[in-house]
Amino acid sequence: MENKYIINLKGLCCENCGEKIRRETEMLDGITKAEMNVMAQKMAVYTDNDINRFMDNIEKIVKSHESDVEVSLDINKQRDEEKEEDIRKDIIKISAGAILFIAGYFVGGGIGYGLYIASYLILGIEVIAKGAKSLVKGRAMDENFLMSIATLGAFAIKEPTEAVFVMLFYSVGEFFQTLAVNRSRRSVKALMELCPDKAYVEENGSIVEKSPKSVYVGDIIVVRPGERVPLDCEVVDGESELDYSALTGESAPVFAETGNELLSGSINNTGVLRARVIRPFGESTVNKILDMVENAASKKTPAENFITTFSKVYTPIVVAVAVVMAVLMPLITDISFSVWLYRALMFLVVSCPCALVLSVPLAYFAGIGEASRKGILIKGSSVIKALTEAETVILDKTGTLTEGIFKVESVVLAEGTSEERLNRVAVEAEALSNHPVAKAVSGYAGKAEGGYAVTEIAGRGVKAEKDGSIIFAGNKRLMDENGIDVDEAESRFAVIYVAENGVYLGRYDVSDTIKADSAEAVKRLRLKGKDIYMLTGDNEAAAKRVADELGISYQASLLPEEKTRFVEGLNEKGVKTVFVGDGINDAPSLMTARVGIAMGKRGTDAAIEAADCVLMTDDPIKVAKAMTIAEKTEIIVKQNIAFSLVVKIGVLILGAIGIAGMNAAVFADVGVALLAVLNSMRSKE
């Protein structure tokens, strides 16, 4: 059986090196796949063998590219908060190198040359050491080796000022690039803080501190004011206001009292709460959020694949041109060897692909982080791309456009039936169902005696059996399939028909309320040029009431498989679809659509697992917000690619004709990478 293991790569910042590490790890015999997430500093490895047999080789691969990176196996997927990077050493190194460089420039002569060498060694000794290791391992195209050759070559042609300045500029650029990348990681770091490392559990009359991983379903925990809720639970005593902003992006506090569910990661603001754990840590809301965000890098877009492929051929081509310039051009032109060698060395600096490789995934990561801050969890950069290309949005009705909180509006009795009998029969069938309409009926009808074996019939209703007695409760399709004649009077509401032993007893008209922001959500989607459909299993009249109010097209009385066929039909026509739903019967449609968006607050686990995007609140307006963030992210991606390519190619051309020098070459490498990082951070509103 193939298992997934997480390898922590603390200190990894280079996308180019990360891609090389991923490729070489994937080539190890016994490993089927490796997925790199430089932003989270993790690599997922898939194998059906014991992961420990690969750890030494993986560490050697990592160290051969990034000697300072710490490698560890995250067997339990523990998420320890990353310590702030110690930048003092780098500041001292750069400052000392800069002072010696300036002193050497003004002093001149032999002493000045010595100061240049001292400055160069302080700034570049680590680069040279890494470059030497790369050469020994047969990787002449490594950035550190190319930078070392370029600067040492500058010394060789008596351009020490250029050599030291290039290494100084490179060191400063790398320093600020690392700071900017770490800043862009803050969305994930903030999510790490959602996960408390302790829970206070009641045991034998006392309160015991435990790890959330050691708390079981059914345990009673105590959450005091100011503490984060460690696990998903249900309040059994107390009341308080909770801050859900980190989970949902909504700043308004949420009131909780006995019977209310609490989501892990929220903050208890006021009162003490006693709550019963309803999900283990591995299935808790906060753990799922962290999994989604950390694994978001595993789904690549065409732009990411293009840049990865392009960088593989870009560097060898530029290096080859540099060799031609240094060797052949002095022979066929009147320009001296030292001039051509200088231009060739400049080409070596520009040949480093880091700006290209970093520009795209960082932009997507920033977009995913911004979405998560607004309570929108996007499962990968490919989903962002698909959201920008979507043409048609298909929305489920109940729980998506409407509140999903039903109440019985009226009861219509069959001739000769009393409401007492109808209620007594209906509650036996509906009491065990989790469907919101069934809950409304059972809540209205009273208490069930129990003892019935109840079977859910997808898209139709329920069947209850006991001692030869059979009860059907559901829609007209259920009645028709079982040969039961019912009252077909039009109703503006959802209708539940009830029959016992083939005899129709009556119906319940159940209402649902349209969500406050459904109309605004539809308006925003229309402004984006999207076609909008509503699909529902409710009757024609109930569906028409909602569709008319929102001004959208609809189809009613659909079974789950019919909703899926509707989506498939659009897919076959080449329409790029988005399906939005929350129920377990929406899972097939969520998986069928190009992008599935699940309502996470009341959505079922099946819907959330099947979806590509999860909304942590049940507000449909966040569908439009997700598309807006995706559109902005795609614009930034295109800007980063265009800027990186234009600057690099422009500097190469100018360098070849002698206009641009080493300084411009370094800007085309680390300068462009830094600007790409800063541009990516614009996705944060």
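Got a number for residues in region 538-569 being of a type in the set (Val, Ile, Thr) and in contact with a Gly (Cβ under 8 Å, 6 or more places away or on another chain)? Full working, then the answer.
Going residue by residue through region 538-569, those that are of a type in the set (Val, Ile, Thr) are 546, 552, 564, 567.
Next, from what is left, pick out any that are in contact with a Gly (Cβ under 8 Å, 6 or more places away or on another chain): none.
Count: 0.
Looking only at region 642-670, how many residues end up being touching a helix residue (DSSP H, G or I) at 6+ places or on another chain (Cβ under 6 Å) and open to solvent by 10 Å² or more (accessible area, probe 1.4 Å)?
5
Condition check: under 24 Å from Arg507 (Cα atoms), open to solvent by 10 Å² or more (accessible area, probe 1.4 Å) and assigned to a helix (DSSP H, G or I). Does Asn423 satisfy that?
Taking the combined requirement at face value, the residue satisfies it.
If a residue must be under 22 Å from the mean Cα position of the chain (by Cα) and either of a type in the set (Ser, Thr, Tyr) or open to solvent by less than 30 Å² (accessible area, probe 1.4 Å) (or both), how many such residues does region 268-288 contain?
5
State whether one or more residues within region 396-416 are under 28 Å from Ser589 (Cα atoms), touching a residue at least 60 places away in the same chain (Cβ under 8 Å), more than 33 Å from the chain's Cα centre (by Cα) and surrounded by fewer than 21 Cβ atoms within 10 Å (Cβ to Cβ).
Yes - at least one qualifying residue is present in region 396-416.
Suppose we filter region 355-374 for residues that are surrounded by 24 or more Cβ atoms within 10 Å (Cβ to Cβ) and either hydrophobic (A, V, I, L, M, F, W, C) or in a loop (DSSP other than H, G, I, E, B) (or both); how many remain?
Looking only at that region, the number is 11.
Identify, please: which residue in region 375-395 is of a type outside the set (Asp, Glu) and in a loop (DSSP other than H, G, I, E, B) and is, among those, most open to solvent (accessible area, probe 1.4 Å)?
That would be Lys379.
Looking for whichever is of a type outside the set (Val, Ile, Thr), out of contact with any helix residue (DSSP H, G or I) (no Cβ under 9 Å at 6 or more places or on another chain) and not in a loop (DSSP other than H, G, I, E, B) here; the options are Asp548, Asp586. Which one fits? Step through it out loud before you land on a result.
Numbers: Asp586 fails: out of contact with any helix residue (DSSP H, G or I) (no Cβ under 9 Å at 6 or more places or on another chain).
Asp548 is the lone residue from the list that is of a type outside the set (Val, Ile, Thr), out of contact with any helix residue (DSSP H, G or I) (no Cβ under 9 Å at 6 or more places or on another chain) and not in a loop (DSSP other than H, G, I, E, B).
Among the residues in region 34-45, are any open to solvent by less than 10 Å² (accessible area, probe 1.4 Å), more than 21 Å from the chain's Cα centre (by Cα) and either polar (S, T, N, Q) or over 23 Å from Gly282 (Cα atoms) (or both)?
no
Name the single residue that is farthest from Ser518 (Cα to Cα) among those in region 629-641 being open to solvent by less than 60 Å² (accessible area, probe 1.4 Å) and of a type in the set (S, T, N, Q).
Only one residue fits best here, namely Asn640.
So that you can scan it fast, the table gives a plain yes or no per residue for (1) assigned to a helix (DSSP H, G or I); (2) touching a residue at least 12 places away in the same chain (Cβ under 8 Å); (3) not β-branched (Val, Ile, Thr):
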residue	(1), (2), (3)
Val614	no, yes, no
Ala624	yes, yes, yes
Met627	yes, yes, yes
Glu631	yes, yes, yes
Ser644	yes, yes, yes
Lys648	yes, yes, yes
Ile653	yes, no, no
Asp669	yes, yes, yes
Leu678	yes, yes, yes
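Are there any pairs, at least 6 apart or on different chains, whose C-beta atoms fall under 9 Å, with the first in region 303-320 and under 14 Å from Leu358 (Cα atoms) and open to solvent by 70 Å² or more (accessible area, probe 1.4 Å) and the second at pLDDT 85 or above and of a type in the set (A, V, I, L, M, F, W, C), and if so, which?
From residues that are under 14 Å from Leu358 (Cα atoms) and open to solvent by 70 Å² or more (accessible area, probe 1.4 Å), the pairs are Phe306/Ile641.
Counting just the residues of region 68-107 that are assigned to a loop (DSSP other than H, G, I, E, B) and either open to solvent by less than 40 Å² (accessible area, probe 1.4 Å) or basic (Lys, Arg) (or both), which one comes out modelled with the highest pLDDT? Talk me through it step by step, then tell me what you get.
Taking region 68-107 as the starting set, the residues that turn out to be assigned to a loop (DSSP other than H, G, I, E, B) are 68-69, 74-87.
Subsequent filtering for residues that are either open to solvent by less than 40 Å² (accessible area, probe 1.4 Å) or basic (Lys, Arg) (or both) retains 69, 74, 77, 79, 83.
Values: Val69: 85, Asp74: 67, Lys77: 44, Arg79: 41, Lys83: 41.
Among residues in region 68-107 that are assigned to a loop (DSSP other than H, G, I, E, B) and either open to solvent by less than 40 Å² (accessible area, probe 1.4 Å) or basic (Lys, Arg) (or both), the one modelled with the highest pLDDT is Val69.
In this structure, is Ala519 farther than 21 Å from Ala438 by Cβ, touching a Leu at 6+ places or on another chain (Cβ under 9 Å) and open to solvent by 10 Å² or more (accessible area, probe 1.4 Å)?
Judged against the criteria, Ala519 is a match.
Among (1) free of Cβ contacts under 8 Å to residues at least 24 places away in the same chain; (2) closer than 20 Å to Glu143 by Cα, where does Lys33 come up short?
Condition not satisfied by Lys33: (2).
Looking at Val670, Val666, Val623, which is the one that is at pLDDT 90 or above and either under 19 Å from Val393 (Cβ atoms) or out of contact with any Leu (no Cβ under 7 Å at 6 or more places or on another chain) (or both)?
Numbers: Val670 fails: at pLDDT 90 or above; Val666 fails: at pLDDT 90 or above.
Matching residue, one of Val670, Val666, Val623: Val623.
Quick check on region 526-549: of everything there that is of a type in the set (A, V, I, L, M, F, W, C) and under 23 Å from Asn585 (Cβ atoms), which residue is surrounded by the fewest Cβ atoms within 10 Å (Cβ to Cβ)?
Narrowing region 526-549 to residues of a type in the set (A, V, I, L, M, F, W, C): 527, 532, 534-535, 541-543, 546-547.
Adding the requirement that they be under 23 Å from Asn585 (Cβ atoms) leaves 532, 534-535, 541-543, 546-547.
Values: Ile532: 19, Met534: 24, Leu535: 25, Ala541: 15, Ala542: 26, Ala543: 21, Val546: 23, Ala547: 20.
Per the criteria, the residue is Ala541.
Within the bounds of region 449-462, is there any residue that is part of a helix (DSSP H, G or I), charged (D, E, K, R) and under 22 Å from Asp582 (Cβ atoms)? Give the steps one after another, and end with the answer.
So in region 449-462, the residues part of a helix (DSSP H, G or I) come out as none.
No: region 449-462 contains no residue that is part of a helix (DSSP H, G or I), charged (D, E, K, R) and under 22 Å from Asp582 (Cβ atoms).
Are there any strands (runs of 3 or more DSSP E) wholly within region 483-540 with 1 or more residues that are within 26 Å of Ser469 (Cβ to Cβ) and over 36 Å from the mean Cα position of the chain (by Cα), and if so which? Step through it out loud before you land on a result.
Numbers: elements: 494-500, 503-511, 531-535.
It comes to 494-500, 503-511.
Residues that are modelled with pLDDT of 85 or more and crowded, with 20+ Cβ neighbours inside 10 Å: list the helices (runs of 4 or more DSSP H) wholly contained in region 160-267 that include at least 2 such residues.
Numbers: elements: 160-184, 186-192, 245-248.
The qualifying helices (runs of 4 or more DSSP H) are 160-184.
Check Arg492 against each of (1) crowded, with 18+ Cβ neighbours inside 10 Å; (2) closer than 30 Å to Asp548 by Cα; (3) touching a helix residue (DSSP H, G or I) at 6+ places or on another chain (Cβ under 7 Å); (4) in contact (Cβ under 8 Å) with a residue 40 or more places away in the chain and name the one condition it does not meet.
Tallying (1) crowded, with 18+ Cβ neighbours inside 10 Å; (2) closer than 30 Å to Asp548 by Cα; (3) touching a helix residue (DSSP H, G or I) at 6+ places or on another chain (Cβ under 7 Å); (4) in contact (Cβ under 8 Å) with a residue 40 or more places away in the chain, Arg492 fails exactly one: (1).
The values are calculated or read from the model by the stated rules, or taken from the named source; none is laboratory data. Just so it is clear, the structure is predicted and the values come from calculations on it, not from any experiment. When we count neighbours, we look across all protein chains shown, and the Cβ atoms used for this are built from the backbone with ideal geometry, even at glycine. These area figures cover heavy atoms from the full protein model, side chains too; ligands, DNA and RNA do not enter into them. Shrake-Rupley method; radii C 1.70, N 1.55, O 1.52, S 1.80 Å.
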